[in-house]
Amino acid sequence: MSFMKTLAIIGSTASGKSDLALSLAQQNNALILSIDSLSIYKEIDIASAKPSKDELASVEHFGIDRLNPDETASVFTFIDEYRRIRDQALSKNKNIIIVGGSSFYLKSMIDGLSKIPDYSPSTIEKAKTMMMDQQMCHRLLSEIDPHTMKKIALSDSYRIEKMLLIYLESSIAPSEWFSANPPKPIITDCPVLNLHVDRDILRERIALRTAKMLKSGLIDEVAELERVYGRVPNSMKAIGIIEVLEYLDGKVSKTEMESLIATHTAQLAKRQQTFNAHQFELTASGGSDELYKIGSTLLK
């Protein structure tokens, strides 16, 4: 019989959550699932602040190096990764530690997702054609389902297309579909620990990490990614990549580029802290040492 336990560690970028997860995993017989919207990509190593090869070798990781940079990660990517790590943990009698900055995906898996229709090829093609006039699609869906669409911006092409596909395939308003197909949690029995770091200390860490990334070859990494994949993929729009592209275009100096990366990362950290504080039922929130003790107890 397996006694697998699952624990999630959330926190802003540069908070040290990956180091905490690694320490806990090494001492508590655990595998690690990284939920990070950039580490999921191969070849994006420096910009994603991915764990080192030694760290990846010391504990088996999931959710890292799974997609090519020209593919698109979604919550379903991480659901697949969770199922992979769960199967491994059950077969090897290990625990699971989930960690990463993209906590929106974690929340989606804890709260659950509604089943979506099986879209026919004709539905997919029709939606693709209709989405050429995105405003028309938003207007049409707003007439059919004003409650749902008032929460979706005119510019949100991903969600507009999702609602359109549901409507075209099911012939009912998306809200009716979701009501008939309530969400089912993917991850259950998962305490959530929030790693809190003082804002001034976090800014210092972000500045140091930015400098380290540049010293490690961030500019060369981004230049090679652009050469191979261009600028269209979603992965090429991440913080740390877009600023380097501006530098390569001659729009900003190297000093300005470094400052912009640090500023945008700090802004992201603030958004992450707000999201984590309001969107999760936290088991605990505190510093690294405190959470290490709590985490070790929960995984026993």
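Run down VAL252, VAL244 and say which single residue is of a type outside the set (Gly, Ala, Ser), surrounded by 15 or more Cβ atoms within 10 Å (Cβ to Cβ), farther than 21 Å from SER39 by Cα and at pLDDT 95 or above.
VAL252
Could you count how many residues in segment 60-78 are modelled with pLDDT under 95 and aliphatic (A, V, I, L, M)?
Count: 2.
Results for (1) under 28 Å from VAL59 (Cα atoms); (2) modelled with pLDDT under 95, shown as yes or no for each residue.
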{"position": "ILE96", "(1), (2)": "yes, no"}
{"position": "SER103", "(1), (2)": "yes, yes"}
{"position": "LEU113", "(1), (2)": "no, yes"}
{"position": "ILE116", "(1), (2)": "no, yes"}
{"position": "THR129", "(1), (2)": "no, no"}
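For segment 143-169, what are the residues that are polar (S, T, N, Q) and buried (at least 17 other Cβ atoms within 10 Å of the Cβ)?
THR148
Kindly indicate which of LEU24, LEU56, LEU20 is in a helix (DSSP H, G or I) and under 22 Å from ALA277 (Cα atoms).
Result of the check over LEU24, LEU56, LEU20: LEU20.
Go over the candidates ASP118, ASP87 one by one and state the one that is surrounded by fewer than 13 Cβ atoms within 10 Å (Cβ to Cβ), in contact (Cβ under 8 Å) with a residue 24 or more places away in the chain and of a type in the set (D, E, K, R).
So the residue among ASP118, ASP87 that is surrounded by fewer than 13 Cβ atoms within 10 Å (Cβ to Cβ), in contact (Cβ under 8 Å) with a residue 24 or more places away in the chain and of a type in the set (D, E, K, R) is ASP118.
I want to confirm something. Restricting to segment 69-84 and keeping residues that are assigned to a loop (DSSP other than H, G, I, E, B) and in contact with a strand residue (DSSP E or B) (Cβ under 7 Å, 6 or more places away or on another chain), which single residue is farthest from GLY217 (Cα to Cα)?
Step by step, filter segment 69-84, then rank; the result is ALA73.
Condition first: surrounded by 15 or more Cβ atoms within 10 Å (Cβ to Cβ) and either out of contact with any Phe, Trp or Tyr (no Cβ under 9 Å at 6 or more places or on another chain) or within 22 Å of ASN28 (Cα to Cα) (or both). Now tell me which residues in segment 55-84 satisfy that.
Hits for segment 55-84 are GLU55, LEU56, VAL59, GLU60, HIS61, PHE62, GLY63, ILE64, GLU81, TYR82, ARG84.
When you scan segment 222-230, do you find a residue that is part of a loop (DSSP other than H, G, I, E, B) and at pLDDT 95 or above, even just one?
Within segment 222-230, one or more residues are part of a loop (DSSP other than H, G, I, E, B) and at pLDDT 95 or above.
Quickly run through segment 133-160 and pick out the residues that are among the small types (Gly, Ala, Ser) and part of a helix (DSSP H, G or I).
SER142, SER157
Can you go through ALA277, ALA269 and tell me which one is assigned to a helix (DSSP H, G or I), in contact (Cβ under 8 Å) with a residue 24 or more places away in the chain, surrounded by fewer than 17 Cβ atoms within 10 Å (Cβ to Cβ) and among the aliphatic types (A, V, I, L, M)?
Criteria check complete, one pass: ALA277.
Restricting to segment 23-54, give me the number of residues that are surrounded by fewer than 24 Cβ atoms within 10 Å (Cβ to Cβ), touching a residue at least 12 places away in the same chain (Cβ under 8 Å) and over 20 Å from ILE206 (Cβ atoms).
Total satisfying the criteria: 8.
Of all residues being of a type in the set (Asp, Glu) and assigned to a helix (DSSP H, G or I) in segment 171-205, which is farthest from THR265 (Cα to Cα)? Just the residue, please.
GLU176
The values are calculated or read from the model by the stated rules, or taken from the named source; none is laboratory data. Source: prediction; values computed, not measured. Here Cβ is always computed from backbone atoms with ideal geometry, including for glycine, and neighbour counts include all displayed protein chains.
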